[in-house]
Amino acid sequence: MDKRYFSDKVAEWYQLNKRELPWRETKDPYKIWLSEIILQQTRVIQGLPYYLKFVEKFPGVAELAAASEQEVLRLWQGLGYYTRARNLHKCAKEVVRLYNGAFPKTYSELLKLPGIGEYTAAAIASFSYKESVAVVDGNVFRVLSRVFGIDLEINRPEGKKHFTQVANELISQINPDLHNQAMMEFGATYCTPKNPLCEECIFKSTCFAFQKNVVSDLPVKVKSKASQKRFFYYLVVQKGKSLAMTLRDQKGIWHGLYDFPLIEKKRAVKIETILSEDVKWSARKSKPEISESYKHVLSHQIITAKFVILPFDEISSGMKRKLKFYSPKQMAELPKPVLISRFLHDHHLL
């Protein structure tokens, strides 16, 4: 297929079919950067409210840089992949410190900023400054692999390199912003992972995958490892209406967020075992309330959690000294994992 034909065709389709989204109505690199970070691993319908909240709270990069990490994490709560939020904050500070609050104008300079990889740098450079550098994300992989019949594995270095080369050969030199938006939109709404709209597709007559009946086989991706199973037992200590919460300051999931004192096991165990061996709970004490099981799925991890509600007066003096309590108002302001928020909501504790 002729490269110019492909680029013109997908751009024409985009102008007729694009969704109206706020970050498409601006050239402001801050808002474009913000939208791209939020939409990583997140669907538009879920990410849009977060984008609007961030823009309202932090209308510019200077305001975001001046915020505390806790403020940023609290606003991010529910989006997951919290490293994105921390890098967002770190990047804002670097833009203010190194560039006086103005984002760099080239792809190569943007790549130097924390949390900005090849994809995000290409998006900002092309959308804000019309630099001809291709955005290559999951949508673009899918469109290129199917239309041109590329069967290299998209999650291996050689595959990614080849797709990036093809994408940059196809991109318009005059309207790279329009081309990149069109590629991403076409993959997101027509050339979808499941049930693509092949019968309505503008490339139906020339698409390799459609003509060869291999749409479901492309793109090719190396299978990831099986998810790790983790078993969490949370101790919910009540002191009046206040609850004990702890800051997760170790590297790993939910770093920088607040949850309850945690006992983790390699396999599911009886609550009685947790109470007798880990909590040293006396059989003479009142029977604690135990929640139903909660299942929480992360990338490559499946967490099964139970919450054990313990009254402050009946825990050991040693445990009492280690705990810090928060009122419902204070808890509402703390950045928390979705799992914790679900429990608090279900049990009317917040």
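The values are calculated or read from the model by the stated rules, or taken from the named source; none is laboratory data. These numbers were taken from a predicted model, which means no experiment stands behind them. Reconstructed Cβ throughout: ideal geometry from the backbone, glycine too, with neighbour counts over all protein chains shown.
Summed over the stretch 186-199, the residues that are crowded, with 21+ Cβ neighbours inside 10 Å and not in a loop (DSSP other than H, G, I, E, B) give a count of 2. All of (1) modelled with pLDDT of 95 or more; (2) over 19 Å from Gly318 (Cα atoms) hold for Thr273 with one exception: (1).
If you go through the stretch 314-350 one residue at a time, how many are in a helix (DSSP H, G or I) and either not assigned by TED's automatic domain parsing to the domain that holds Leu262 or not basic (Lys, Arg) (or both)?
First, the residues of the stretch 314-350 that are in a helix (DSSP H, G or I): 314, 317-322, 328-333, 338-346.
Add one more test, that the residue is either not assigned by TED's automatic domain parsing to the domain that holds Leu262 or not basic (Lys, Arg) (or both), and what stays is 314, 317-319, 328, 330-333, 338-341, 343-346.
Here the count works out to 17.
Selection of helices (runs of 4 or more DSSP H) fully inside the stretch 1-114 by the criterion of at least 2 residues being closer than 24 Å to Leu178 by Cβ and among the charged types (D, E, K, R) returns 3-17, 29-38. Contact annotation: residue pairs with Cβ atoms under 6 Å, 6 or more positions apart or on different chains, pairing a residue in the stretch 123-152 that is without any contact (Cβ under 8 Å) to a residue 24 or more places away in the chain with a partner that is part of a helix (DSSP H, G or I) and of a type in the set (Ser, Thr, Tyr), are Ala125/Tyr107. Restricting attention to the stretch 273-308 and to residues that are of a type in the set (D, E, K, R) and part of a strand (DSSP E or B), the residue that is farthest from Leu79 (Cα to Cα) turns out to be Glu289. For Lys160, the conditions (1) surrounded by fewer than 14 Cβ atoms within 10 Å (Cβ to Cβ); (2) part of a helix (DSSP H, G or I); (3) of a type in the set (D, E, K, R); (4) out of contact with any helix residue (DSSP H, G or I) (no Cβ under 8 Å at 6 or more places or on another chain) all hold with the exception of (1).
Of the residues making up the stretch 165-177, not a single one is surrounded by 15 or more Cβ atoms within 10 Å (Cβ to Cβ) and under 21 Å from the mean Cα position of the chain (by Cα).
Scanning the stretch 235-268 for residues that are surrounded by 14 or more Cβ atoms within 10 Å (Cβ to Cβ) and either assigned to a loop (DSSP other than H, G, I, E, B) or of a type in the set (Ser, Thr, Tyr) (or both) returns Ser242, Met245, Thr246, Arg248, Ile253, Trp254, His255, Gly256, Leu257, Tyr258, Phe260, Pro261. Restricting Asn100, Asn87 to those that are surrounded by fewer than 19 Cβ atoms within 10 Å (Cβ to Cβ) and over 18 Å from Lys57 (Cα atoms) reduces the list to Asn100.
In the stretch 130-146 there is no residue matching the filter, namely being under 20 Å from the mean Cα position of the chain (by Cα), surrounded by fewer than 16 Cβ atoms within 10 Å (Cβ to Cβ) and at pLDDT 95 or above. Scanning the stretch 200-234 for residues that are loosely packed, with under 15 Cβ neighbours inside 10 Å, hydrophobic (A, V, I, L, M, F, W, C) and at pLDDT 95 or above yields a single hit, Val214. Residue pairs whose Cβ atoms lie under 8 Å apart, separated by 6 or more positions or on different chains, with the first residue in the stretch 54-67 and in contact (Cβ under 8 Å) with a residue 40 or more places away in the chain and the second assigned to a helix (DSSP H, G or I) and of a type outside the set (Ser, Thr, Tyr), are Val61/Ala92; Val61/Val95; Val61/Val96.
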